[in-house]
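To start, the structure under review is shown below, and the notes come after it.
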Amino acid sequence: RSSLKIGLVPADGIGREVIPAARQAIEALGSDVPKPEFVELLAGFELFTRTGTALPEETVQALKESDCALFGAVSSPSRRVTGYSSPIVGLRKILDLYANVRPVISVAPTPEEKPSVDLIVVRENTECLYVKQEEMTPTENGREARATRLITERASRRIGEMAFELAKARQRKHVTIIHKSNVLSITDGLFRETVRSVPRLHEGKYDDVEIAEQLVDSAVYRLFREPHIYDVMVAPNLYGDIISDAAAALVGSLGLVPSVNAGDNFVMGEPVHGSAPDIAGQGIANPIASIRSAALMLRHLGYGAPADRLDKAVDEVIREGQVLTPDLGGKSKTQEVVDAILKRI
Ligand code: NAD
Ligand code: MN
């Protein structure tokens, strides 16, 4: 590659404050990566309220023509809005980004020490309750709402393969399957059984990876009590969403946790946090989740060394503790944190 075409979709709220930060971090890498060519793209709820569309066809088309992308966050309303559907949930489906990979890693006081939390949540990204097939029926006793929860063997197998592949490359080589098949024996049962069968389909390849499993509720409990027991946690869509926000609390802030949405042909970095309407527009959003998402995206494309440079710069700034946004107890602005990181890249 001589250049890297990167689609940027800041979308709503602090997405517009943190995606520019990620852009500056990539630019600071200079010739360590192919010359980045950024393409600014529109999406989001604010766009929907202005134009009636949350995910324009031009955005989808431009992403299909890009090498990779960074997505900010959307402000999806909690009430039902006719004609609106979340663009991020849509994009994951359209681009078949079936895996949401969310590393949650704390920064040890010195580079020599091991982080106390070092795990990856691998979240299935295309099905479960996020197929959004909901219906409302009036009954004699009031309204009744139903949702379809879809779990397929195909999606469970490929997310399982992603989890084993990631575990194999890690020191502990340990996968925990998260489920609730004591209650949902058919849907979660299929997920659990299919992920468990992955090593058998790849004879020998994952022999060195240890498998455990845990019911989702007690998994959250144990995550808070003894986070070190986890290495790679693989989960259906909804549990994975919840567990990764919970795990973010262990490392201090949602503003620190990155992710990539990955498929076989495309990768899109995205901070785990949402649009944070409570702090949007104040210039105090933590840019680190987005900068780390850029690093993850680059790593996924095979640019491991430049990704390491970004992560190292971020770790140094956190370790020094002088320039931090308010979510981490600091007083600095987004751009001051970005500048501190850029200086160390
Ligand atoms: P949120 O992640 O936006 O915010 C939760 C809390 O964490 C807030 O107090 C917020 O200020 C703080 N926070 C989050 N990111 C931060 C950052 N970078 N720096 C400093 N503080 C940060 O979750 P929410 O409040 O439940 O949701 C707000 C909106 O975001 C909703 O409309 C929701 O639908 C949307 N959302 C979108 C995505 C996405 O785009 N993938 C994900 C989650 C939520
Ligand atoms: Mn979430």
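Read-outs: derived from the displayed coordinates by stated rules, not from any lab. Treat the numbers as computed from the prediction; the structure is a model and nothing was measured. Using ideal geometry, Cβ is built from the backbone for each residue, glycine included, and neighbour counts are taken over all protein chains shown.
Of note:
- The ratio of the alpha-carbon radius of gyration of region 146-281 to the globular-protein estimate 2.2 N^0.38 Å is 1.10.
- Under the Karplus curve 6.51 cos²θ - 1.76 cosθ + 1.60, θ = phi - 60°, whole-Hz ³J(HN,Hα) for region 78-89, x wherever Gly or Pro sits: 6, 8, 7, 10, 4, x, 9, 9, 4, x, 6, 5
- Computed on the Cα trace of region 25-73, the radius of gyration divided by the Kirkwood hydrodynamic radius gives Rg/Rh = 1.08.
- Highest-first arrangement of 194-203, 292-301, 106-115, 247-256, where packing means the average Cβ count within 10 Å: 292-301, 247-256, 194-203, 106-115
- Difference of contour (0.36 nm per residue) and Cα-Cα distance, Gln61 to Ile229: 56.2 nm
- At R0 = 51 Å, FRET efficiency that the Cβ-Cβ distance of Glu112 and Glu27 yields, to 0.05: 0.95
- Looking at region 1-154, the pairs of alpha carbons with a distance over 23 Å make up 54% of the total.
- Region 277-290 - phi-based ³J(HN,Hα) in whole Hz, Karplus 6.51/-1.76/1.60, Gly and Pro as x: x, 5, 10, 4, x, 9, x, 10, 5, 6, x, 5, 4, 6
- Aspartates and glutamates with Cα under 16 Å of Lys168, excluding same-chain neighbours fewer than 8 positions away: Asp118, Glu203, Asp207, Asp208, Glu210, Asp231
- Dimensions in Å of region 104-168 - Rg and Dmax from alpha carbons: 20.0, 65
- Full-extension gain in nm, Asn182 to Asn265, via 0.36 nm per residue minus C-alpha separation: 26.3 nm
- Amide H contacts for Val39 (H built 1.01 Å from N in the peptide plane; partners 5 or more residues away or on another chain; cut-off under 5 Å): Ile6, Gly7, Leu8.
- Glu320 versus Ile242: modelled label distance in nm, points set 7 Å from Cα along the beta carbon direction: 4.1
- Projected label points at Thr82 and Thr139, each 7 Å from Cα along the beta carbon direction, are separated by 2.7 nanometres.
- Aspartates and glutamates with Cα under 17 Å of Lys132, excluding same-chain neighbours fewer than 8 positions away: Asp96, Glu124, Glu144, Asp241
- Per-pair calculated FRET efficiency, R0 = 25 Å: Asp207 and Thr152 via Cβ, rounded to 0.05: 0.40
- For the chain, the spread of Cα positions along the three principal axes, ordered from largest to smallest, is 59, 52, 41 Å.
- In region 44-142, trypsin sites (Lys or Arg not before Pro) in a DSSP loop with at most 13 other beta-carbon atoms within 10 Å: Arg79, Arg80, Lys132
- Computed over region 202-292, Kirkwood Rh from alpha-carbon pairs, angstrom: 15.4
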